[in-house]
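Visitor: What follows is a single structure, and I will ask about it in a moment.
What follows is calculated from the coordinates using simple rules that are stated; it is not laboratory data. Computed from a prediction, not measured in an experiment: that's the story for all the values here. Cβ: placed from backbone, ideal geometry, glycine included. Neighbour counts: every protein chain shown.
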């Protein structure tokens, strides 16, 4: 199953059940496709609304932060342009 979001398509690999020791097993298809071998380190984050968790390979965090930084710079540019445009409208009144 593919789920579409703002960043593109994301795959749904299946479900996991929490065992008595709080452990989960990542589906084999996900481990294979994402290169998650024995000993791989995953970072565990709470989702924005506290409804679940998401996992991220530790070595991918730098790439995620770079992408977020680029997006933030784009948002700052749009906000700056909006403020300039809004300022000219105020002067016209």
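Visitor: Contact list please: Cβ distance under 9 Å, first residue in segment 18-29 and without any contact (Cβ under 8 Å) to a residue 40 or more places away in the chain, second residue assigned to a helix (DSSP H, G or I) and surrounded by 11 or more Cβ atoms within 10 Å (Cβ to Cβ), pairs at least six apart or on different chains.
Guide: Taking only residues 6 or more apart or on different chains, the pairs are 26/34.
Visitor: Check segment 69-76 and report whether any residue there is without any contact (Cβ under 8 Å) to a residue 24 or more places away in the chain, over 18 Å from the mean Cα position of the chain (by Cα), surrounded by 10 or more Cβ atoms within 10 Å (Cβ to Cβ) and assigned to a loop (DSSP other than H, G, I, E, B).
Guide: Within segment 69-76 (the criterion being without any contact (Cβ under 8 Å) to a residue 24 or more places away in the chain, over 18 Å from the mean Cα position of the chain (by Cα), surrounded by 10 or more Cβ atoms within 10 Å (Cβ to Cβ) and assigned to a loop (DSSP other than H, G, I, E, B)), the answer is no, since none of the residues qualifies.
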